[in-house]
Amino acid sequence: MEGEAGDFQITLIKKPKYIDEDQCTGCTACVEYCPVKYPDPFNQEISQNKAIHIYFAQAIPLVTYIDDSCLYLKEKKCGICEGICKNHAIDFNQRAEKIEVKVGAVILAPGLEPYDPGLRHDYGYGQFANVVTSLDYERLMCATGPYQGEILRASDRKHPHKIAWIQCVGSRQVIPGGNSYCSGVCCTYAQKQVILTKEHDAEAECTIFHNDIRSYNKDFERFYQRTESLPGVRFIRSYVSIGREIPASKNVTIRYSTPDDGVKEEEFGLVVLSVGLNPPADYTALADKFGIELNAHGFCQTNPVDPMEATRPGIFVSGAFRGPTDIPESVFSASAAGSECGELLNYRRGKLTQARIYPPEKDVAQEEPRIGVFVCHCGANIGRIVDVPATVEYALSLPHVAYAQEQLFSCATNSAKEISDMTREKGLNRVVIAACSPRTLEPLFRDTLREAGINQYYLDMANIREHNSWVHSKEREESTRKAQDLIRMSVARARHLEPLQEFDLPVNKAGLVVGGGLAGMTAALSLANQGHEVYLVEKESDLGGMARRLHSTLEGLDVQQYLIDVVGKIYRHPLVHVYTEAAILETGGYVGNFATKVKSRGRVMEIKHGATLLATGAEEYRPTEYLYGEDERVVTNLELEEQIAGRDERLVGARSLVMIQCVGCRNAERNYCSRVCCSHSIKNALNLKALNPQMDIYILFRDMRTYGYYEDYYREAAGKEVRFIRYEPTDPPEVEPAVGEEGLGVLRVTVTDPILGKRLEIDADVVALAAAVIPSAGSQEAARLFKVNSNPDGFFKEAHVKLRPVDFVADGIYLCGMAHYPKFITETLSQAYAAAGRALTLLSHDTVVASGSVCEVNERKCIGCGACISACSYGAIEFRETRQGKKAVVNPVICKGDGLCNAKCPTGAISLKHHTDEEILSQIDAAVQP
Amino acid sequence: MSGVSRLQYTTESRLIRVMCSGRVDLAFVFRAFLKGTDGVFIGGCRLNECNYDTHGNYHALNMVLLAKRIMEHIGLSPERLRVEFMSSGDGIRFAEVMSEFGRKVKELGPLGQGEGLDEGILKSKLAEITRLIPYIKMAKKEKLGSRLSNPERYADLFTRDEIDRLLREVTSYYIDPAKCQACMLCARRCPAEAIISVKNQIHVIDQEKCIKCGTCFEVCPDRFGAVKEISGVTVPPPIPEGERTVVRKK
């Protein structure tokens, strides 16, 4: 890579696949005939694959490649695949290709490498057959895994009954070959594996050996409880070592100790090592190539206040290369990196796009249906089982079928052209393609219809591959009959298909950001830097939110200074309009076209905006426990931070300070972990130790949840003699005023130490409570106004935890920051950029396209019963008063086309277009042989 | 996934695509049986794993629980209808369920015959149920939209008694010729166009077309009160055409 931000020249080497990707249809006939078997890398080399194969079932592009185990590549022998492939996609002459590209920015997303426990010969991995890594186990459980989803032991191919998980393998270990950080994801993935194991085999006995259980993420505490409550599941807090392999059974023993029983050795049928996350392979070479710096752990060095930015301008990172990361954060860091690139390259936005021109659409609505049927052989995939010529004959005998033909591969470019040519030539006005699943190719064939000049909704696909030839491959006659039945059903439906219009709605280019904390301000700036007008609404008189109460971070950021910078940027940016002391009175509209009434300092104005970002933050719980509010020596973590920043004399002079974790959460009332408090307490402890090294600091905790790099600070605190004492929620600490040894008033903290097995009394001058982070009142208000959802704990509910982590279900509304869940500043900033990135995908377009397949109401038939309204979770249906009473009306822009309303309507008044009752009933009728 | 993994199962199934299992209408199920389909299978996503937050699969579940009770009511084996929830990755399970269901339906025999029902009678019963679907949907509106988290409660959502009663005591609507003033309000509002309405002629409800939504009952002005809600008794025959002229009240 050469050049600089905005103008990089990149040379890529594309290794040969020995497959012409444009020709390969992914039919995998070649795989079946390939004689070479070798250990399948995707399935952790547990099972075999062929020299020619698709890397994994959902690979993109879904084409095969030839591995170097191929006989032809090695010895010029074989070449069977070449003969099998009917589309001539095999190309043994392919050579590595050099490709030069010019780009303005680079996003590095090389992912991670699982920790390899074989390297240190720990845990018997590689020596004992029945010790596997969690990734091996993941593949074992998977339907596309080595044993089609059966969990089998390597030693005897039998189902293990007693399975142990060992946590923190390669993580939280300061030993050569280990990683000092916490990998952050293993506690929860191991719990997932336990739940899935119990689904495979309800009788399985599952044991998790762990240190702390770090369920610090949204909804993970409940997930942990769910796992723990399953019968036959044990969580044992203990360091462990692998004992031996029992020669006869090949079972493996684990030695561990519990406070009650001391050291024990127990036998397990299978041991799963919960391995941590390492930087990607070859990370130093990668860093050299791109001229970026790595951190001490080998992950990418990023900027704490611009967490997607590598050390070289123009290079961004997303995903686990930034450090151990779970899926939601990977996904939103990707959107965030996108937004950062957008800021850099905004001046060139849209310069490379080309509009596609289609021929004008012919109006055929008044014509009699003339249906064309195209039956695909899919090479041998369909043709070998289904009698395709006979099926074409059959199709021709069906009513309204004007034309039918067979095709070798309907999806090949020449075949698609053939479909559009024949449609025009034969005057067809409906097309049925009998081939594969519409999931993959429906968009392609819709495009084919547009090319043919007819409405794209005049298409139906009969799936005669996934639903037929592939799953009935030994029953030629039956599957030919089934193919004909499926085509008859498609033809019946095609008769009733209607032309539908996808309409373009103009997009208002402005964004509304609710909440002027770090999340809201960062998102607002990212939008504004990409040329969008932003209205930033804050209920307080000053911007800054929760960050106003923070002074430092563990990484050493001066939060107040940073805040001043950001607020300055906000006020200086010509496109950002700030409203403080503001309240939202009402809001309405839909994606691309919202209108919100805001009252600020006595003035009311209406803001029109295309996108809405909710960043309404969170609050600190006001404890009722541990004498808080009664004794001024009891403070919360945030108050303690204020006092540290102010060098409060009484605090700095304190001889002894006790911190109590999990105050107000991880309990029945707030069944979640506030995520930040463990690290927050450690930060305060380290800052106090710096001010007064003599101070005795105790942290009373349930699980220390210093995930990721925060683990290093936990270790540092322990090294500085901060004392950590674990307590059980059933036996919480007690705090009472007392008179200390020197006759001075103290707070006497009593706690049971489970390791020593006795009650300890600690005389403290100050008690700091790690008070829960709770949803803000503003979030609850916003949820009501904007009609968005919250989870049971009151935090905003994203549209999908993994797939759409910063979107709400309603289009055009996004979320970020602590209103989503407690998080650190760096995480908040990532998410803020992500929300801006998502909003940009909308705002950067002039129009949004609304699908044609939405619901509509026939008012004549509507009786105003409201069944449709309660079925619709998008709020797309409303009542409208008419002279004939109230009638339902659908906003097609909000409708997602699931048709729940259609199924509920008693009178057939509401109808999902493209999946109407008539269309589906005609298929049902045609399913039975006439 | 069963397709991609080439998992083999029996060949009887014919799949119809819907965008959400909650789109499957009660009417679809009975239409399939009416046409002689021997078994109906509905496949939805795993419960609580909706990617769109609509959880339409619960709607499908409720509909199936209701349909099974109706099937019992008319003497059809409820095992001819099955709903399963699985992800696209559950190929093995899909193939197993298809084969299992295929076997089950073969065991039950051809529709009606297996249950020892006369073909003609079964057809007329299915046709009657089809006619009553709007009424059933309206009567069970709340329950059809509910969300059952506990599988142990599935059996109680709709009880046998409840559905038997619902279908035994079907509500009908009838216009009292003595009270109708031919104001045409009901006819204008009837969603099924089931009211024979001629100016100055007493209105008559075509019982074959009526979907029993009760709109006529609601809109008939109180001062006339001509529309009657009746249940458990036969609807009086329509007044002969020649005698329909309205005698206006003075």
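The values are calculated or read from the model by the stated rules, or taken from the named source; none is laboratory data. Not measured: the values here are computed from a predicted model. Don't worry about glycine lacking a Cβ; one is built from the backbone with ideal geometry, like all the others, and counts go over all protein chains shown.
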All positions within the range A:421-453 that are more than 38 Å from the chain's Cα centre (by Cα) and buried (at least 22 other Cβ atoms within 10 Å of the Cβ): A:Thr423, A:Leu428, A:Asn429, A:Arg430, A:Ala452
For the range A:555-614, give me each residue that is within 30 Å of the chain's Cα centre (by Cα), part of a loop (DSSP other than H, G, I, E, B) and farther than 24 Å from A:Asp811 by Cβ. A:Glu555, A:Gly556, A:Leu557
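Suppose we filter A:Thr847, A:Thr882 for residues that are over 24 Å from B:Lys141 (Cα atoms) and either in contact with a Phe, Trp or Tyr (Cβ under 6 Å, 6 or more places away or on another chain) or more than 8 Å from chain B (Cβ to nearest Cβ) (or both); which single one remains?
A:Thr847
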Just to check your reading of the model, which residue among B:Arg188, B:Arg93 is in the same structural domain as B:Glu208 (by TED's automatic domain parsing) and free of Cβ contacts under 8 Å to residues at least 24 places away in the same chain? B:Arg188
Among (1) closer than 26 Å to B:Ala32 by Cα; (2) hydrophobic (A, V, I, L, M, F, W, C); (3) surrounded by fewer than 17 Cβ atoms within 10 Å (Cβ to Cβ), there is one condition B:Val198 misses while meeting the rest; what is its number? (1)
Looking only at the range A:904-918, which residues are out of contact with any strand residue (DSSP E or B) (no Cβ under 7 Å at 6 or more places or on another chain), more than 7 Å from chain B (Cβ to nearest Cβ), under 24 Å from B:Thr215 (Cβ atoms) and not in a helix (DSSP H, G or I)? A:Cys905, A:Gly908, A:Thr916
The lone exception for A:Gly866 - which of (1) surrounded by 19 or more Cβ atoms within 10 Å (Cβ to Cβ); (2) out of contact with any Ser or Thr (no Cβ under 9 Å at 6 or more places or on another chain); (3) over 30 Å from A:Gln484 (Cβ atoms) it fails: (1)
Could you list, in sequence order, all residues of the range A:143-163 that are buried (at least 22 other Cβ atoms within 10 Å of the Cβ) and more than 14 Å from chain B (Cβ to nearest Cβ)? A:Pro160, A:Ile163
Got a number for residues in the range A:879-900 being surrounded by fewer than 16 Cβ atoms within 10 Å (Cβ to Cβ), acidic (Asp, Glu) and in a loop (DSSP other than H, G, I, E, B)? 0
Let me spell it out: the conditions are (1) in the same structural domain as A:Cys895 (by TED's automatic domain parsing); (2) closer than 26 Å to A:Pro792 by Cβ; (3) not charged (D, E, K, R), and A:Tyr814 meets all of them except one. Which number is the exception? (1)
Looking for something closer than 24 Å to A:Ser473 by Cβ and more than 10 Å from every other protein chain (Cβ to nearest Cβ) - is there at least one such residue anywhere in the range B:12-21? no
Checking A:Ile166 against (1) surrounded by 22 or more Cβ atoms within 10 Å (Cβ to Cβ); (2) β-branched (Val, Ile, Thr); (3) assigned to a loop (DSSP other than H, G, I, E, B), which single condition isn't satisfied? (3)
Scanning the range A:885-903 for residues that are more than 21 Å from B:Asn51 (Cα to Cα) and within 11 Å of chain B (Cβ to nearest Cβ), which turns out modelled with the highest pLDDT? A:Lys887
Filtering the range A:93-150 down to residues that are β-branched (Val, Ile, Thr) and more than 27 Å from A:Ala248 (Cα to Cα) yields A:Ile99, A:Val101, A:Val103, A:Val106, A:Ile107, A:Thr144
Would you point out which residue out of A:Pro324, A:Pro313, A:Pro304 is closer than 26 Å to A:Val559 by Cβ, under 30 Å from the mean Cα position of the chain (by Cα) and loosely packed, with under 13 Cβ neighbours inside 10 Å? A:Pro313
If you go through A:Val386, A:Val364, A:Val375, A:Val401, the only one that is out of contact with any Lys or Arg (no Cβ under 7 Å at 6 or more places or on another chain), crowded, with 16+ Cβ neighbours inside 10 Å and outside the structural domain of A:Gly427 (by TED's automatic domain parsing) is A:Val364
Could you tell me whether A:Ser656 is buried (at least 23 other Cβ atoms within 10 Å of the Cβ), modelled with pLDDT of 95 or more and among the polar types (S, T, N, Q)? no
Quick one: which residue in B:Phe33, B:Phe85, B:Phe28, B:Phe101 is at pLDDT 95 or above and more than 30 Å from B:Arg131 (Cβ to Cβ)? B:Phe85
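Are there any helices (runs of 4 or more DSSP H) wholly within the range A:627-722 with 1 or more residues that are touching a residue at least 60 places away in the same chain (Cβ under 8 Å) and closer than 26 Å to A:Thr750 by Cβ, and if so which?
Numbers: elements: A:637-645, A:649-652, A:677-691, A:710-719.
The helices (runs of 4 or more DSSP H) meeting that bar are A:637-645, A:649-652, A:677-691.
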Screening B:Glu49, B:Glu79 for residues that are away from every other protein chain (no Cβ under 12 Å) and either surrounded by fewer than 23 Cβ atoms within 10 Å (Cβ to Cβ) or polar (S, T, N, Q) (or both) leaves only B:Glu79
Scanning the range A:349-376 residue by residue, the ones that are of a type in the set (Lys, Arg) and either in contact with a strand residue (DSSP E or B) (Cβ under 9 Å, 6 or more places away or on another chain) or closer than 25 Å to A:Val806 by Cβ (or both) total 2
For A:Asp811, the lone unmet condition from (1) outside any strand (DSSP E or B); (2) crowded, with 24+ Cβ neighbours inside 10 Å is (2)
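Name every residue in the range B:22-41 that is assigned to a loop (DSSP other than H, G, I, E, B) and at the interface with chain A (Cβ under 7 Å from one of its Cβ atoms), in order of residue number.
Answer for the range B:22-41, where residues must be assigned to a loop (DSSP other than H, G, I, E, B) and at the interface with chain A (Cβ under 7 Å from one of its Cβ atoms): B:Val24, B:Asp25, B:Lys35, B:Gly36, B:Thr37.
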Among residues of the range A:27-72 being among the charged types (D, E, K, R) and surrounded by fewer than 17 Cβ atoms within 10 Å (Cβ to Cβ), the residue nearest to A:Pro114 (Cα to Cα) is A:Glu45
Checked the range A:327-343 for anything acidic (Asp, Glu) and over 18 Å from the mean Cα position of the chain (by Cα); matches are A:Glu340, A:Glu343
Filter the range B:1-11 for residues that are facing chain A (nearest Cβ under 7 Å) and of a type in the set (S, T, N, Q); which is surrounded by the most Cβ atoms within 10 Å (Cβ to Cβ)? B:Ser2
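Can you find a residue in the range A:446-459 that is in a strand (DSSP E or B) and within 14 Å of chain B (Cβ to nearest Cβ)?
There is at least one residue in the range A:446-459 that is in a strand (DSSP E or B) and within 14 Å of chain B (Cβ to nearest Cβ).
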Taking into account only those residues within the range A:251-286 that are in contact with an Asp or Glu (Cβ under 7 Å, 6 or more places away or on another chain) and not hydroxyl-bearing (Ser, Thr, Tyr), which is surrounded by the fewest Cβ atoms within 10 Å (Cβ to Cβ)? A:Ala281
